[in-house]
Structure formats: structure tokens, C-alpha cells
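Engineer: Structure incoming, see below.
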Amino acid sequence: MKSPEITTSLPLTAVTRPAEAPTGGKMRLASELLRPYHGWLIVILLAMLVETAMSLAAPWPLKVILDNVVGTHKAPEWLAPFQSSLFGHSKMQLAALAGIATVLIAALGAVASYIDNYYTESVGQWVAHDLRMRVYDHLQHLSLGYYDSHQTGALLSTITDDVKTIQGFASSATLGILVDILTIVGMLGVMFWLEFDFALMAVAVVPFLLLFVARLNRAVKRATHEVRHHQSDIVAVVQQGLESIRVVQAFGRQELEESRLYDVSRATTDAALAARRVKSLLSPAVTVVVALCTGFVLWRGTALVLADMMTVGALTVFLAYLSKFFKPVQDLAKMSNTLAQTAVAMERVQAILNTVAIVPERFDAREPESLKGAIVFDHVVFGYDPKTPVLRDVNFSIAPGQLVGIVGATGGGKSTVVGLIPRFYDPGAGRVLIDDVDLRDYKLQGLRSKIGFVLQDTVLFRGTVRDNIAYGRPDASEDEIVAAAKLANADEFIVRMPKGYDSMVGERGLTLSGGQRQRIGIARAIIRNAPILILDEPTAALDTESEKLVIDALERLMKGRTVITIAHRLSTIRDAHKIIVLKDGVVAEEGTHDELLAGGGFYAELYRVQIGQPAKA
């Protein structure tokens, strides 16, 4: 079904899908992540079942030694066939059988443990990889409006720290909880068989212990939320400080940046210590409960042994089981902290994944074929903040192949207008059309592939010069890359670099001069060969020599294309076919340079200020 026309005067904003049942959402996400690895999970489950069986069997050779070798009790009838066929019936032969059984039980448990650990770690690593790519892919497709209201550092923290937390849980507890439950059930069965009263006591304690853990878990989760929030702040502060290190050092504000980090780091430490106070209650509580149960069993069991109502071996097995019985209970209790951290991490990941892209693509959208480049703004309204529209009612048209300048006071909406053309944002009301087609009827990536950009500060990525030129068209041939560089006047400095086109560009291109970055940006736009070109004052920050080279390259690039340029220096658009003047969110004036000067309006006033002429009285 086609998306309805937007009739409000406000733009769409990034929203989060209505919260379903939070637990259900987390379980659904976990199920989707684990589904590709169900074969490995079956292997892990089988290995854990063998581990559990070996754990249950481990105390029994000692019972045989205590009751049937050292003691006077007869060996169990089920053991007789093994003893007679392999060792005979002497006590030392029975002891040898118990010793071999101990080794076999340990060996089987060790092999199962190796398989369990190997595959759980594999599942954890791949789940983390899949989740990391899923989150990053979603972030890549969210509109710029999302980033206007979200800290990059917080997003980085989610992709790294939160995904790592989920990975740790998947690696260490994918099926651990299930196996702990199976171990508890198995041990309870044997304990009831050995001594009903003792087992009943252990069962009676468990609900109270689990209730205590559940109440503690809620407090741990609240504290964990607070810690993770402050940890995200740390990443954001450090990222901002390091990205702006030149400005920080130039103004000597290292102490200010350090104080910012101190504040958020101290808040994180305080929150972590508060969480520690809650978590520290858990282990002592479980230890006391285990000690109470063990002390009672020792006292009562000794009485039963002295009364010849229980064997020493049976008491030993029961004590071993009692200790092991509370071990999985204790593990489940301790896991409350891990579960709380994982739950918080899952919620933070879901907050990103549940965010609806604010630039939706219609299901019946079409690929733009060969565009001519005719652009129309039809009663366009837009505002980043719904309460303060930047564009109130913008109307203008651009013919194919025209060079059009957009001017106006700072904050007048120049960048907003050009941001609507590639659909970085959608208008709150009205339409933007290219070749008489509403932009929302085009496929988003197809539309953007028809638009080239040369911005005031060209962003380069860490990689080779070749990769940066071909960034918008990775299938470009070597000859096309070199030809684009020559047209952009970039070849002459590229060939002088140590490895030519294979030379590495530093982060954000800071190893190159501003003019060199701009010429690589122009080469990137040339190789894309798009019919529409957007320029954001690409020569504003350049020296005279670099400006001449860049202007020469731009003149080659602009031939035969529809060009929209944001102009801060009005002298750069004197030859434009049309100049659009924005003021107070509307098109105040429109015409050629000479026509607007003759009109004596806002443009003429701006021009006089720039060239140093006094304003008219």
C-alpha cells in the first residue's frame, strides 16, 4: 500500500516502535540470533547432559569404597557382573573397579566439557558478530534526523560494550541455565531416594533462596542501568575530546576536557559501587544457607549412621550431592547479575533496532532511470524541531542543466533546502520533485546515486587515495579513477605521494591539505557522473592558489549537470542562471545576479555588505 501523503506542517521524526512486552521482544531477538546455530546448540546440549550425568555419577565410586571395600556392606547386585567378569570378587579388585570408574567418569566429563566450551564460545562469537552487523546496518539506514538527537559515543558504546555483554552471556550461559535446572532435578531425585527427610529440607530452602534472588535481581538491574548510562557518557566524552584534539590543544583547554571526563567517570564509579553493594549480598546469603543445610545433615546423618540406619557411603554421597545441589542454585543466583547486565544490553540494542527510519521507502518505489535534473520545491515546510519550522513555504523550480545559487542569512535554511533533495530528511508538508516525480516515489539509494556532492569540508576515510576517489562508485576502473583525478587537478599531487594512488590517507584526511582534500572530493563526484550536483561553498576555506585549482576543477565537473550551490561569498555565483534568496523560511527573491542587484532588495544589501559598500540610507 502506498504511503499516505504527509499533510502536517511538521517533519517526520525518529520514533521507537511501541514497546511490546519487553521480555517477549528480548526473547524474540535472542531466538532470531540463535536460530542459525541450532545444530551447534544441540551438540552443546548433549555435551552438557553428559557433563550433568558424570557430575551425578562422580560420588558413587567413593560410596563403593566406603561401604563395600572399607566397610562391611555387600556390593550392589548391579555391580556384580562387571566385577566378576573383569576383576573377580576380592575387595581390592572392587577398589580397582571403583578407581577405573572414577577415571572414566572424569574423562567423559572432560571431553564433554571441552565440546561444551568450544561450541559455546563459537556461538557467542558468531552471535556477537551477527548482532554487531545488524545494529550497524540499521544505524547506516537511519535518517540524519536520528543523529541530530543521539550521541555518537552512546551508539558506539552499544555496538561495542553492550554487544560484548550479550556475547559473554551467549558464550557462558547459552544452555547453562537449562543444565543447572536439569542437575538440580537429577540430584533431587537421587537425594530423595537416599534419604527423603534430608532432601525435603533442601527443597524447602530453595523457594526462599530464589525469592531472595529475584528481589535482589530487580535492584541489580536498576543499578546496572545506571552504570551503563554513565559508561556511555564516558565513551561520548572521550570520543569528542579526541576528535577535537587540535582545537583543545590550540585553546589550551586540556584541563576542561579532563574535568568533563572526571565528572562522568566519577559518576560511573559511584554507580558501580552502589551496584556492588547490592550484588555483594548474594554470595554470603547462599553460603550461609548451604552451611546451615550441611550442618544439619552432618548432625542428623551421623545419628543415622550410628544407629545403623544409614551407611557412611550414603551419607558421603548425600553430602556431596548437597554441596553440588546448591552449586547450580548458587550459579543461578549469581547469574542474576549477568542476567541483569544482559537484559540492559538487550534493551539498549533493541532501542536502536526498534527505531523506525524516519525516511521510509514506499514498497512500490521505482528506480530513477536517466534523470534530466529538473527540480521543483512545491510549498515545502520543514523544521528540525516541530515547534520551530526552518522552511515555512518554499517554492521554486530549477530547469535541467541550470546553475543555481542559494543564499541567505546564517540559519536561513540553505543547508536544509539542499538536504531535502537527496532525502536526508522529508518535508513535513509539500513536495520536492525531480523530473516531475515526487522524491518519495523513487527508491532511496537509486535517488542518491544520481546526486553528486562536494561539501565545504570533504570527509576522507582511512584508506588509499584510490579507495577514497572510488568511494561513491567502487566498481570504477583504474583508468576512470586516474581520469577523474586529472579532471579534478588532483593527479599532479597524487603522483608525488610516496605510493601514488596506493598512498594511505590519514583519518579524516588530515594528512592532506584542505585544497588536496577538496580536489579528491571533486574527483569522487566526477567519477560518480551524477546528473545533479550539490556544492556547499567548496572553496570557502582555501587559500588563493588552491582556490584557483579547485574552481578550475569545479567548472569541468559542472558541465552538463544541474548544479545547486550554497553560496556564502556572493561573488562565486555571479554567473549563475538563477539565484534563490531565502529569508524567514520563504523564498524572498529570485533572479540573476544583475536582476537582484537592480531590484535593491535583501540580496543587494548582502552584496553591498560583502564588497564593502555603505548601505543605502
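Engineer: Can you list residues whose amide H is under 5 Å from VAL390's amide H, if they're 5+ apart or on another chain and H is modeled 1.01 Å from N?
Structural biologist: Residues meeting the amide H criterion: PHE382, GLY383, TYR384.
Engineer: Here is a follow-up. Using R₀ = 56 Å, calculate the FRET efficiency as 1/(1 + (r/R₀)^6) where r is the Cβ-Cβ separation of LEU108 and ASP479; round to 0.05.
Structural biologist: Once the sixth-power term is evaluated, E becomes 0.30.
Engineer: Which cross-chain or sequence-distant (5 or more) residues have an amide H under 5 Å from the amide H of ALA429, H modelled 1.01 Å from N in plane?
Structural biologist: So ALA429 has HN proximity to VAL381.
Engineer: Filter LYS559/LYS583; LYS443/LYS559; LYS387/LYS443; LYS387/LYS583; LYS372/LYS578 down to the pairs with a C-alpha to C-alpha distance above 20 Å, please.
Structural biologist: With Cα atoms farther than 20 Å apart: LYS559/LYS583; LYS443/LYS559; LYS387/LYS443.
Engineer: For ARG266 and LYS559 in the same chain, what is the full-extension length gain: residue separation times 0.36 nm, less their Cα-Cα distance, in nm?
Structural biologist: Length gained, ARG266 through LYS559: 99.7 nm.
Engineer: Which residue, ILE579, ILE532, LEU549, has the largest displacement toward the positive end of the dipole of the range 493-583 when charges sit on each Cβ (Lys, Arg +1; Asp, Glu -1)?
Structural biologist: About the Cα centre, the residue reaching furthest to the positive side is ILE532.
Engineer: In what order do LYS559, LYS548 fall by count of nearby beta-carbon atoms within 10 Å, going from fewest to most?
Structural biologist: Ordered by Cβ neighbours within 10 Å, fewest first: LYS559, LYS548.
Engineer: Could you please rank MET133, MET191, placing first whichever residue has the fewest other Cβ atoms within 10 Å of its Cβ?
Structural biologist: MET133, MET191
Engineer: Related question: Taking neighbour Cβ counts within 10 Å as the exposure measure, how do HIS141, HIS229 sort from fewest upward?
Structural biologist: Neighbour counts put them in this order, fewest first: HIS141, HIS229.
Engineer: A follow-up question, please. Using the basic label-point model (7 angstrom from Cα toward the beta carbon), what is the SER571 to GLU32 distance in nanometres?
Structural biologist: Spacing of the two 7 Å Cα→Cβ label points: 5.6 nm.
Engineer: A follow-up question, please. From the phi of every residue in the range 137-151, what ³J(HN,Hα) in whole Hz does the Karplus formula 6.51 cos²θ - 1.76 cosθ + 1.60 yield, where θ is phi - 60° and glycine or proline is x?
Structural biologist: Per residue, the Karplus-derived 3J(HN,Hα) values read 4, 5, 4, 5, 9, 6, 5, 4, x, 5, 6, 5, 10, 10, 6 Hz.
Engineer: If you filter the range 460-532 for trypsin sites (Lys or Arg not before Pro), then keep DSSP loop positions with at most 13 other Cβ within 10 Å, what is left?
Structural biologist: When the trypsin sites (Lys or Arg not before Pro) of the range 460-532 are filtered for loop state and at most 13 Cβ neighbours within 10 Å, ARG462, ARG496, LYS499 remain.
Engineer: Based on the Cβ-Cβ distance of THR592 and ASP393, what FRET efficiency does E = 1/(1 + (r/R0)^6) give at R0 = 25 Å, to the nearest 0.05?
Structural biologist: That pair, THR592 with ASP393, gives E of 0.60.
Engineer: On a full-extension model of 0.36 nm per residue, what is the gain between PHE363 and GLU492, subtracting their alpha-carbon distance, rounded to one decimal in nm?
Structural biologist: So the extension gain works out to 41.8 nm.
Engineer: Then there is this: Nearest 0.05, what FRET efficiency do GLN140 and ALA274 give at R0 = 41 Å with Cβ-Cβ as r?
Structural biologist: Working from the Cβ atoms, E equals 0.65.
Engineer: Hey, how much of the P(r) for the range 461-506 falls beyond 16 Å, as a percent of Cα pairs?
Structural biologist: 30
Engineer: Per-residue HN-Hα couplings for the range 286-302, Karplus 6.51 cos²θ - 1.76 cosθ + 1.60 at θ = phi - 60°, whole Hz, x for Gly and Pro?
Structural biologist: 5, 4, 5, 4, 4, 5, 4, 5, 5, x, 5, 5, 4, 5, 5, x, 4
Engineer: Name the residues whose placed amide hydrogens come within less than 5 Å of the amide hydrogen of LYS578, ignoring near sequence neighbours (fewer than 5 apart) on the same chain.
Structural biologist: Amide H to amide H, under 5 Å and 5 or more residues apart or across chains, LYS578 pairs with LEU403, GLY405.
Engineer: Report ³J(HN,Hα) in whole Hz for each residue of the range 477-487, in order, from the Karplus equation J = 6.51 cos²θ - 1.76 cosθ + 1.60 where θ = phi - 60°; Gly and Pro get x.
Structural biologist: Once θ is set to phi - 60°, the couplings for the range 477-487 become 7, 4, 5, 5, 5, 5, 4, 5, 5, 5, 5 Hz.
Engineer: Output the peptides 155-163, 588-596 sorted from most to least packed, where packing is the average of other Cβ atoms within 10 Å over each peptide's residues.
Structural biologist: The packing order, highest mean first, is 155-163, 588-596.
Engineer: Restrict the search to the range 336-427; then list the GluC sites (Glu not before Pro) that DSSP places in a loop and that have at most 15 other Cβ atoms within 10 Å of their Cβ.
Structural biologist: For GluC sites (Glu not before Pro) across the range 336-427 that sit outside H, G, I, E and B with at most 15 neighbouring Cβ atoms in 10 Å, the list reads GLU369.
Engineer: Follow-up. Can you give the extra length, in nm with one decimal, that the chain gains between PHE196 and GLU255 once fully stretched, where that is 0.36 nm per residue apart less the Cα-Cα distance?
Structural biologist: Roughly 14.4 nm would be gained on extension.
Engineer: For the range 461-617, give the share of DSSP beta bridges that are antiparallel, in percent and rounded to the nearest 5; count only bridges with both residues there.
Structural biologist: Expressed as a percentage, antiparallel bridges in the range 461-617 total about 60.
Where a number appears in this text, it was derived from the coordinates with a stated rule and is not lab data. Not measured: the values here are computed from a predicted model. Note: ideal-geometry Cβ built from the backbone for every residue, glycine included; neighbour counts use all protein chains shown.
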